[in-house]
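One structure is given below, encoded as structure tokens.
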Amino acid sequence: MSLKASRFLALLLLVALPAAAQQPLPNVVILATGGTIAGTGATSTTTVGYTAAKIGVEALIDAVPELKKVANVKGEQVMQIASENMNNEAWLKLAKRVNALLAQPDVDGVVITHGTDTIEETAYFLDLVVKSDKPVVVVGAMRPSTAISADGPINLYNAVILAGSKDAIGKGVLVCLNDQINAAREVTKSNTATADTFRTPELGFLGYMQDNKAHFYRESTRRHTAKSEFDVSQLDKLPQVDIVYGYANANRVAVDAFVAAGAKGIVNAGVGDGSLADPVKAALIDARKKGVLVVRSARAGNGIVARNGEVNDDQTDFVVSDTLTAQKARILLMLALTKTTDTKEIQRIFYSY
Ligand code: SIN
């Protein structure tokens, strides 16, 4: 064959070969923790009252044979729980496993299957302690695996594509359900039952999963993952931090009980702009005098809690949560307390993450 002909043949092969054959598939590890995505119901129409956390990771992977076309997938069962039972110890175990996997050159991304009830908390915890820019995607489902139109398979398929996507590198931990990509810091479960429950109210989600591809339109501006200062590699427990909810006719009982039980920090989900009823404020001031860190957040769930707005935080030595919900402020306060008890420094942390 002449040189010209062989060049032509090479060019033809390049054009004719499908893109997938030219690019090696990404290596994605799926860490399974339980939840509805692994749940089973009595019948195909059972979408409430089913049992979460029944199906193992291999069965989850086998149920979506299309995964093999988009990634080299491996599964590990890290735990098998309904996510209302997620706790600090489980988070530490999960974070250490994610960090160990992402340190391997042959792992491109990690997917975590998780119950939706506390998915936003696990995602934010990982966002603060994962030591890598590689994609970490947390995924769940609102319908059990046995239901008509179960959302688990498509959600898992999208999550694996996202975890193997170069566009997801450096975006922090992502929560991906219902074809939408959300940032761990801002996403929240907004409806008890519907498939479109995950929302990033006001600020908006980051992008879509469509046509076997991630499409990003924005990203979180806060510090996360590889740029985070938190390191849990040597920790086997976290400081006790509890949440007190604001309401009309509130009293000091919950604050005093948490302090008596040894809380190192209390997050108050206050009314309005983090406002405190007089008895609650008095209890929190007493708690602070005993060394307990106090963070004011807002039960409204959106907006900035103004420092020195409804409360003189400089005088009471309180910290404000910025825009974090109480459940996420609790996580950041626990991690902040692993580094310092200085309120100015903790306020700096709340304005950074
Ligand atoms: C759970 O959070 O484990 C149960 C609910 C769900 O996954 O949707």
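The values are calculated or read from the model by the stated rules, or taken from the named source; none is laboratory data. Quick caveat, the model's predicted, so the values are computed rather than measured. All Cβ positions, even for glycine, are placed from backbone atoms using ideal geometry, and neighbour counts span all protein chains on display. Note: accessible area is taken over every heavy atom of the protein model, side chains too, but ligands, DNA and RNA are not part of it. Shrake-Rupley method; radii C 1.70, N 1.55, O 1.52, S 1.80 Å.
Once the convex hull of all Cα atoms in region 221-284 is built, its volume per residue stands at 110 Å³. Taken per residue, the accessible surface of the chain reaches 46 Å², heavy atoms only and a 1.4 Å probe. Per-residue ellipticity at 222 nm computed for the chain from its helices equals -9000 deg cm²/dmol, with DSSP H segments shorter than 4 residues left out and the rest contributing -39,500 (n - 2.57).
When its C-alpha radius of gyration is set against 2.2 N^0.38 Å (N residues), region 251-323 gives a value of 1.00. Charge dipole (Cα centre; +1 on Lys/Arg Cβ, -1 on Asp/Glu Cβ; no other charges) of region 241-352 amounts to roughly 260 debye. On region 100-214, 49 percent of the accessible area sits on carbon and sulfur atoms, based on a 1.4 Å probe. Restricting attention to the chain, close to 30% of DSSP beta bridges with both partner residues there are antiparallel.
As an exercise, identify the chymotrypsin sites (Phe, Trp or Tyr not before Pro) in region 174-254 lying in DSSP coil whose Cβ has no more than 15 other Cβ atoms within 10 Å. Here the chymotrypsin sites (Phe, Trp or Tyr not before Pro) that fit, given the DSSP loop and packing criteria, are Y217, Y247. Model label sites at V253 and A300, defined 7 Å from Cα along the beta-carbon direction, differ in position by 2.9 nm.
For region 40-102, the convex hull spanned by the alpha carbon atoms encloses 105 Å³ per residue.
Computed from phi, the 3J(HN,Hα) profile of region 184-192 under the Karplus parametrisation 6.51, -1.76, 1.60 (θ = phi - 60°) reads 4, 5, 10, 6, 8, 6, 10, 9, 5 Hz, with x in place of Gly and Pro. Judged by the gyration tensor of its Cα atoms, with axes a ≥ b ≥ c, region 194-235 is prolate; a/c meets the 1.5 cut and a/b is the larger of a/b and b/c. A 1.4 Å probe, protein heavy atoms only, puts the accessible area of S190 near 70 Å². The coefficient of translational diffusion for the chain, derived via Stokes-Einstein from the alpha carbon Kirkwood radius under 20 °C and 1.002 mPa s, stands at 99 µm²/s.
Here the Debye sum runs over all C-alpha atoms of region 96-203 as equal scatterers in vacuum, and log10 of I(q)/I(0) at q = 0.22 Å⁻¹ comes out as -1.17. Once backbone amide H atoms are built at 1.01 Å from N, N72 has N27, V28 as its partners under 5 Å, excluding neighbours fewer than 5 places away on the same chain. Rg then Dmax, both in Å and based on the Cα atoms of region 23-227: 15.2, 46. The alpha carbons of region 24-76 stretch over 42, 19, 13 Å along the principal axes, in descending order.
At a threshold of 8 angstrom on Cα-Cα distance, excluding pairs fewer than six apart, so keeping six or more, what relative contact order does the chain reach in percent? So the answer I get is 13 percent.
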